[in-house]
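**Q** What follows is a single structure, and I will ask about it in a moment.
Read-outs: derived from the displayed coordinates by stated rules, not from any lab. Predicted, not measured: the structure shown is a model, and the values here were computed from it. FYI the Cβ positions are ideal-geometry reconstructions off the backbone, even for glycines, and counts take in every protein chain you see.
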Amino acid sequence: MKYVSVIALAVGCAGVAYAANVHFKSGPTFVDNGLTLSAQGVLAGLGFQDIQVDMSATANPVATCTNGGQHQAPGQNPAPVAVSATPQSIPAGAIKNGNASFSVTTNPPTSPIPGAPDCPNSNWTENITDLAFTSAVITVEQPAGTVARTLSCTFNPQTVNGPVAAQTVTCSK
């Protein structure tokens, strides 16, 4: 009878396995898409529950000021902006042998910038035309709401449009 209880307990616990050692098996790799930043990679050490992957990033914007006569002038060193991704949900069924691929992309910044703070006056319109990313934070939750891994990355030099060279990315837990 003791053996039946032990087996029942083991089977009952198997369905609630939590992530024990979530880590990046490959990546992340980054791509600067102009107004958004994408990150892809493969996570390992996952348990048997749904996961959620999120990313936030900081960038230096390039902006253009346009007046009512449609004359344009470069922006006046806009302040850094923060953008974030819509979290990617990965169902437990997509986790194979503790591994799952992910791909997240930040949403573009609000543009035009309300009040045109970096233009000659508030009668101008300030539009962000490009972002040069300086940092990103990827957060993995398993289950959603429980942080299993956070990875902070910096880009030096800041990104330019296209794939971000691995040697310019420094990440830390």
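**Q** For the chain, what is the Kirkwood hydrodynamic radius in Å, using each pair of distinct C-alpha atoms?
**A** Details: mean 1/r = 0.0548 Å⁻¹.
Taking every pair of different Cα atoms in the chain, averaging 1/r and inverting gives 18.3 Å.
**Q** Take the chain, connect every pair of alpha-carbon atoms lying under 10 Å apart with a spring to form a Gaussian network, then pick out the residue of Thr139, Thr159, Thr129 with the largest mean-square fluctuation.
**A** Residue with maximal mean-square fluctuation among Thr139, Thr159, Thr129: Thr129.
**Q** Could you check the simple spin-label distance between Lys173 and Asn33, using points 7 Å along Cα→Cβ, in nm with one decimal?
**A** 3.0 nm
**Q** Can you work out the FRET efficiency for the pair Ala132 and Asn99, with r the C-beta to C-beta distance and R0 = 35 Å, to the nearest 0.05?
**A** 0.60
**Q** Right, something else. Report the calculated FRET efficiency for Asn67 and Ala165 (r = Cβ-Cβ distance, R0 = 35 Å), to the nearest 0.05.
**A** 0.35
**Q** Out of all Cα-Cα pairs in the range 73-165, roughly what percent, to the nearest whole number, are more than 18 Å apart?
**A** Percentage above 18 Å: 60.
**Q** Where does helix 2-14 land angle-wise versus the long Cα axis of the chain, in degrees 0 to 90, nearest 10?
**A** Here the helix axis deviates by roughly 10 degrees.
**Q** Test of understanding: what is the full-extension gain from Thr110 to Ser84, defined as 0.36 nm times their sequence separation minus their Cα-Cα distance?
**A** Full-extension gain reported as 8.2 nm.
**Q** Just from its helices, what would the mean residue ellipticity at 222 nm be for the chain, if runs of 4 or more DSSP H residues each count -39500 (n - 2.57) and the sum is divided by every residue, rounded to the nearest 500 deg cm²/dmol?
**A** Helix contribution divided over all residues of the chain: -2500 deg cm²/dmol.
**Q** When a/c reaches 1.5 or more, the comparison of a/b and b/c decides; with that in mind, is the range 112-173 rounded, prolate or oblate per its Cα gyration tensor?
**A** Oblate.
**Q** Determine the dipole magnitude for the chain: charges of +1 sit on the beta-carbon of Lys and Arg, -1 on that of Asp and Glu, nothing else is charged, the reference point is the Cα centre, and the result goes in debye to the nearest 20.
**A** 740 debye
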